[in-house]
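Chemist: I am attaching a structure below and will ask some questions about it afterwards.
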Amino acid sequence: MKTGPALRATRLIRRFGELKAIDEVYLEIPYGQVVSLVGPSGCGKSTLLRCLTHLDPPDEGFIEVGGEWLGRALMRNGIVKHNSRRHTDRVRRKIGLVFQSLNLWPHLSVMDNICTAQCIALGRSRDEARAHALELLDRLRIGEIADAYPGQISGGQQQRVAIARAMAMNPEILLFDEPTSALDPELVGEVLRLLKELASSGMTMLVVTHELAFARDVADRLLFMERGIILADGAPQDVITQTADRRVRDFFDKVTAFHPKFMAGTKPKEEHS
Amino acid sequence: MHRSVVKVMALDPTVILNYWPLLVDGALLTLRLAAIAFVGGMLLGAVCATLSLLNYWPVRIVILVYLALMRGIPFIVIVFLIHFGLPSFGIRTQALVTGTVALTLYAGAYYAEIIRAAVLALPRGQWESARVIGMPPIAAARHVIIPQIISPSVPPIVNCTMTMIKESSILSAITVAELTYQGLVIQGNTFAPFEVFISLALIYWAITIAFSLLAWAYERRFGTASGRTSRMSPIAARYLDIEGKSGR
């Protein structure tokens, strides 16, 4: 069993001009935990994922993935060291990011989508990569589409391929950027079930989502973010129902008002009577 | 009246037959110039496009100024600027060299724009997904970006190359002995402009058509094969299989 957190972010700040899109975020995710991140649009959820993967390197703060510094490193004597691009690329492999728009490579077959990075970045042989990819495809129950191209498969299958591509690198943690927002309503359930399966297999995950059902039923922990600040952090039930913070309350009141079924599942019992 | 029309239309083929070797020499030089400008221009274009896409503004500004100049100045002025401008910096070279350089710089600017546009037309996520999974920049370019920009950029590159082949005729103005220059020489010797220029027209036309056929064959072989299979709907794919038209 791995020790220490899978991901640790310390005092992350990302500025866009005057605006602080990420404002002193501290985040520690232990191995095996499933964290969901919710918040109103434009609150910095996607920016946080982009910071954590160094697509948009944070202006300040430190990121550790599986015990290794990503980008900036804080040495024992307090000196800040900037790691090389090569080092950053190597540590990046420990984080898998599944984009909202998936970004599969349309000119490569499903198999090549999953194998290319394994061969280049991990130095696996072609056969090794293929075997690993087939195992993942079987696990995600899409073994039969290995030779198809992304344009020939359904949205749900594409989602699975994107997940398989990220998982093929054996990441310490998987990040999902709104995995259900680009899908047909009927596919949402399918993807949520898949995330649930991944969660129960012990995968460490950070999921940005608007699906409060996922946050409530699958996640171990719920983060609420607004204006670049994490306002609430705790067990999903507690955050949804018992937060003292007015802004968090307002958000969940608004969201749950549209989902009567959801309310039935979360409201404290005494309110039912 | 009838007679004069006949007289105007009368072509004297002996002019062309007598001076045929000069035309062949000129055509060969035009082909050589075009080949050098194509290869050199593609290399220059690829380098410029790459540099202009890097997030390093001083280099970017230099490249963008170069592209804007080449696209904003008539080719003949570029040729004169290089040919007559270099000597004032103490560099004296043959017209052939300055002509080749001018043609390469000119074609390179257009190729750079085409490559740049093809890369920028790709969704940003294609690059990001390759980088975030841990591919170094060169590998991401090689495996994810370049394969996807080839088929969309073939048609504009063909177009631009045909223009470049035709523009090479302007090098006759600085005495580069290419096809048009030889034509002017024959015309000066024979005073038979119509015969000469109709031959030039046919030869230029043959060269550009041959090039576009080559590109068409390439597109058929590679461009559409990789470009379409990824986007073809299953129904279309099945239809093409039945018709025996499938690329594979």
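Chemist: Return the total of residues in segment A:88-100 being assigned to a helix (DSSP H, G or I) and at the interface with chain B (Cβ under 8 Å from one of its Cβ atoms).
Modeler: Taking segment A:88-100 as the starting set, the residues that turn out to be assigned to a helix (DSSP H, G or I) are A:88-92.
From what's left, at the interface with chain B (Cβ under 8 Å from one of its Cβ atoms): A:89-90, A:92.
Qualifying residue count for the region: 3.
Chemist: Scan segment B:152-186 for residues that are of a type in the set (A, V, I, L, M, F, W, C), surrounded by fewer than 19 Cβ atoms within 10 Å (Cβ to Cβ) and within 21 Å of B:Y110 (Cβ to Cβ) and report the count.
Modeler: The number of residues fulfilling the criteria is 3.
Chemist: Among residues belonging to segment B:110-144 that are within 11 Å of chain A (Cβ to nearest Cβ) and closer than 18 Å to B:R60 by Cβ, point out the one that is surrounded by the fewest Cβ atoms within 10 Å (Cβ to Cβ). So that I can check it myself, show each step before the final result.
Modeler: To start, the set of residues in segment B:110-144 that are within 11 Å of chain A (Cβ to nearest Cβ) comprises B:122-140, B:142-144.
Among the residues that remain, those that are also closer than 18 Å to B:R60 by Cβ are: B:124, B:127, B:137.
On the way: B:R124: 11, B:W127: 20, B:P137: 14.
Looking at residues that are within 11 Å of chain A (Cβ to nearest Cβ) and closer than 18 Å to B:R60 by Cβ, I get B:R124.
Chemist: For segment B:110-122, check the following and say yes or no: at least one residue is touching an Asp or Glu at 6+ places or on another chain (Cβ under 9 Å) and either in contact (Cβ under 8 Å) with a residue 60 or more places away in the chain or hydrophobic (A, V, I, L, M, F, W, C) (or both).
Modeler: Quick first cut of segment B:110-122, residues touching an Asp or Glu at 6+ places or on another chain (Cβ under 9 Å) only: none.
Scanning segment B:110-122, I find no residue that is touching an Asp or Glu at 6+ places or on another chain (Cβ under 9 Å) and either in contact (Cβ under 8 Å) with a residue 60 or more places away in the chain or hydrophobic (A, V, I, L, M, F, W, C) (or both), so the answer is no.
Chemist: Do any helices (runs of 4 or more DSSP H) entirely within segment B:58-169 hold 2 or more residues that are under 20 Å from the mean Cα position of the chain (by Cα) and charged (D, E, K, R), and if so, which? Don't jump to the end; show me each part of the working.
Modeler: Working: elements: B:75-85, B:95-121, B:124-132, B:137-140, B:146-167.
Output list reads B:95-121, B:146-167.
Chemist: Which pairs have Cβ atoms under 7 Å, sit 6 or more apart or on different chains, and link a residue in segment A:246-265 that is modelled with pLDDT of 80 or more to one that is surrounded by 12 or more Cβ atoms within 10 Å (Cβ to Cβ) and of a type in the set (G, A, S)?
Modeler: A:V248/A:A232
Chemist: Now for a different question. For segment A:179-191, what are the residues that are crowded, with 20+ Cβ neighbours inside 10 Å and either of a type in the set (S, T, Y) or closer than 15 Å to A:V38 by Cβ (or both)?
Modeler: Hits for segment A:179-191 are A:P179, A:T180.
Chemist: Restricting to segment A:25-38, name every residue that is within 21 Å of A:G66 (Cα to Cα) and in contact (Cβ under 8 Å) with a residue 24 or more places away in the chain. Write out each step before concluding.
Modeler: First, the residues of segment A:25-38 that are within 21 Å of A:G66 (Cα to Cα): A:25-37.
Answer for segment A:25-38, where residues must be within 21 Å of A:G66 (Cα to Cα) and in contact (Cβ under 8 Å) with a residue 24 or more places away in the chain: A:V25, A:Y26, A:L27, A:I29, A:P30, A:Y31, A:G32, A:Q33, A:V34, A:V35, A:S36, A:L37.
Chemist: Can you spot a residue in segment A:104-122 that is in contact with a Pro (Cβ under 8 Å, 6 or more places away or on another chain), under 30 Å from A:P40 (Cβ atoms) and outside any helix (DSSP H, G or I)?
Modeler: For segment A:104-122, residues in contact with a Pro (Cβ under 8 Å, 6 or more places away or on another chain), under 30 Å from A:P40 (Cβ atoms) and outside any helix (DSSP H, G or I): present.
Chemist: Looking at (1) part of a helix (DSSP H, G or I); (2) under 30 Å from B:L23 (Cβ atoms); (3) more than 14 Å from the chain's Cα centre (by Cα), which is the one condition that is false for B:V176?
Modeler: B:V176 satisfies all of (1) part of a helix (DSSP H, G or I); (2) under 30 Å from B:L23 (Cβ atoms); (3) more than 14 Å from the chain's Cα centre (by Cα) except (1).
Chemist: Considering only segment A:101-141, how many residues are of a type in the set (A, V, I, L, M, F, W, C), without any contact (Cβ under 8 Å) to a residue 24 or more places away in the chain and more than 9 Å from every other protein chain (Cβ to nearest Cβ)?
Modeler: Of the residues in segment A:101-141, the ones of a type in the set (A, V, I, L, M, F, W, C) are A:102, A:104-105, A:108, A:110-111, A:114-115, A:117, A:119-122, A:129, A:131, A:133-134, A:136-137, A:140.
Within this subset, residues satisfying the condition of being without any contact (Cβ under 8 Å) to a residue 24 or more places away in the chain are A:119-120, A:131, A:134.
Among the residues that remain, those that are also more than 9 Å from every other protein chain (Cβ to nearest Cβ) are: A:119, A:131, A:134.
Final tally of qualifying residues: 3.
Chemist: Regarding B:G90, is this residue among the small types (G, A, S) and on the phi > 0 side of the Ramachandran plot? If you could, list the steps in order and put the result at the bottom.
Modeler: Working: among the small types (G, A, S): yes; on the phi > 0 side of the Ramachandran plot: yes.
For B:G90, the condition - among the small types (G, A, S) and on the phi > 0 side of the Ramachandran plot - is met.
Chemist: Continuing with the same structure: So how many residues does segment A:3-41 have that are in contact with a Gly (Cβ under 7 Å, 6 or more places away or on another chain) and under 25 Å from A:L195 (Cα atoms)?
Modeler: Our first condition is that a residue be in contact with a Gly (Cβ under 7 Å, 6 or more places away or on another chain); within segment A:3-41, this holds for A:4, A:6, A:9-13, A:20-23, A:32.
Filter once more, keeping what is under 25 Å from A:L195 (Cα atoms): A:4, A:6, A:9, A:32.
Number of matching residues: 4.
Chemist: Being within 13 Å of chain B (Cβ to nearest Cβ), touching a Phe, Trp or Tyr at 6+ places or on another chain (Cβ under 9 Å) and within 24 Å of A:L195 (Cα to Cα) is the requirement here; does A:S46 meet it? Can you show your working first?
Modeler: Details: within 13 Å of chain B (Cβ to nearest Cβ): yes; touching a Phe, Trp or Tyr at 6+ places or on another chain (Cβ under 9 Å): no; within 24 Å of A:L195 (Cα to Cα): yes.
So A:S46 does not fit the description; no.
The values are calculated or read from the model by the stated rules, or taken from the named source; none is laboratory data. Keep in mind the model is a prediction, meaning the values are calculated, not measured. Cβ atoms come from the backbone with ideal geometry, glycine included; neighbour counts cover every protein chain shown.
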